[in-house]
Amino acid sequence: MSSMSLLKTIAGALAGLALAFQSQGAAAQDYPSRPITLIVPFAAGGPTDVISRIVGEHMSRTLGQQIVIENIVGAGGTTASTKAKNATNDGYTLITGHMGTHAASVALYPNLAYNPSTDFEPISILAGTPVVILGKKDFEPKDLKEFVTYVKGNADKLNMAHAGVGSVSHVTCLLLNSILGVDPVQVPFNGTGPAMNALVGGQVDYMCDQIVNVVPQINGGTIKGYAVGTAERNPALPNLPTAKEGGLPDFEAQAWNALFAPKGTPKPALDKLNAAVVKALDDETVRKRLLELGSVIPTKEQRTPQELASLVKKETERWSKVIKSAPQPK
Ligand code: MLT
């Protein structure tokens, strides 16, 4: 090959590279230039869906593109999380993961098809969600003390609802059952939206659920609330005692929901998404809606990808211990 044609080849390649960088730069600048899909790993109407819609709606105004919610259910949220891991990492597919899908599931699914720490880009925590121990409306126990005695004495006749193995409602009630030393029949649903309907209908006896899904029902008297798993009472349910007040100090359960993108999503897109979350969580209307439902809004310092990455690690360790000490499934 003559030196002239070699030079031409190199020049052509460099021009191509420059063009690629240019279009990448342009793409980054234009991001987002079309609607963004936000995968919710549980049925519509449940806590993860409600939080995703409240924050997503405000983000779409900031980003100037619609955020389209896609509910994908199954296997305690791990089906959707696997789909999100394998999605194109161009910034147009995101997932709302939580303490179950992006921490506790590691210990419950030996062949989990994703690693929450390495297969996703953390964007930000969206909301902390204290967990409440619940019973159907005509459940016999009137307070947590009676709940403990009653469940211990009747566990073989009771059933407990949850949103699938590895979900928040599953692992937090595994913690409760561990503390009580019971192993009732478990009834899985595609989310605590449908599980709540079964509890209100009296088809199931008790459940643990994120407060966001509970406040309207407890205030409406359609279910019984026994305790919240946080150190302090929740301002949205001031009459609901803490588990510690009720005599169950080991039931410490606060979940969280957070935004993730597939690994390798471009940094400029991640930065814009994080900024849009930060702005949404400062918005008065968004805050009012989240606080009314008992959510805990992360502080500014807690709304960073680094904070979320360390939370995922910490919580994976914590819930792995809880799961290992829980009664093994029959
Ligand atoms: C839901 O949105 O249904 C919940 O997050 C499910 C769960 O993890 O309990």
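Mind checking the angle between helix 144-154 and the chain's longest principal axis? C-alpha axes, 0 to 90 degrees, to the nearest 10.
80
Which residue fluctuates most in the GNM of the chain (Cα springs below 10 Å): T285, T93, T192?
Among T285, T93, T192, the largest GNM mean-square fluctuation belongs to T285.
Please check: in the Gaussian network model of the chain (C-alpha springs, under 10 Å), which one of G128, G91, G202 has the largest mean-square fluctuation.
It is G202.
Ignoring ligands, DNA and RNA, please state the percent of accessible area on the range 168-253 from carbon and sulfur, probe 1.4 Å.
About 50 percent, which is the carbon plus sulfur part of the accessible surface.
Calculate, for T62 and K263, the FRET efficiency according to 1/(1 + (r/R0)^6) with r their C-beta to C-beta distance and R0 25 Å; round to the nearest 0.05. Walk me through the numbers on the way to the answer.
Working: r = 24 Å, r/R0 = 0.97.
The pair T62/K263 has a calculated efficiency of 0.55.
5 Å is the cut-off here: which amide hydrogens, built 1.01 Å from N in the peptide plane, fall below it relative to S124, excluding neighbours closer than 5 in sequence?
L259
Between L14 and K313, with labels modelled 7 Å along Cα→Cβ, what's the label distance in nm to one decimal, could you check?
Reported label-point gap for L14 and K313 is 4.2 nm.
Could you pull the accessible area for Y150 with a 1.4 Å probe, rounded to 10 Å²?
Spelled out: Y150, probe radius 1.4 Å, area about 60 Å².
Structure shown: which of K300/K324; K136/K157; K85/K313; K83/K313; K152/K324; K224/K313 lie over 23 Å apart, alpha-carbon to alpha-carbon?
Numbers: K300/K324 34 Å; K136/K157 15 Å; K85/K313 18 Å; K83/K313 21 Å; K152/K324 21 Å; K224/K313 34 Å.
Cα-Cα > 23 Å for K300/K324; K224/K313; rest within.
Considering the alpha-carbon set of the chain alone, what are its Rg and its Dmax in angstrom?
22.5, 91
What FRET efficiency comes out for the pair S2/V185, r = Cβ-Cβ distance, R0 = 56 Å, nearest 0.05? Kindly include the intermediate steps, with their values, before the conclusion.
Details: r = 80 Å, r/R0 = 1.43.
My answer for the efficiency is 0.10.
When the chain is fully extended, how far beyond the present Cα-Cα distance does T285 get from S320, taking 0.36 nm per residue of separation? Before the final figure, lay out the partial values.
On the way: separation 35, 0.36 × 35 = 12.60 nm, distance 3.66 nm.
Full-extension gain reported as 8.9 nm.
The values are calculated or read from the model by the stated rules, or taken from the named source; none is laboratory data. Small disclaimer: the values here were computed from a predicted structure and weren't measured. Every residue, glycine among them, receives a Cβ derived from its backbone with ideal geometry; neighbour counts consider all protein chains shown. Surface areas here come from the heavy atoms of the whole protein model, side chains and all, with no ligands, DNA or RNA. Shrake-Rupley method; radii C 1.70, N 1.55, O 1.52, S 1.80 Å.
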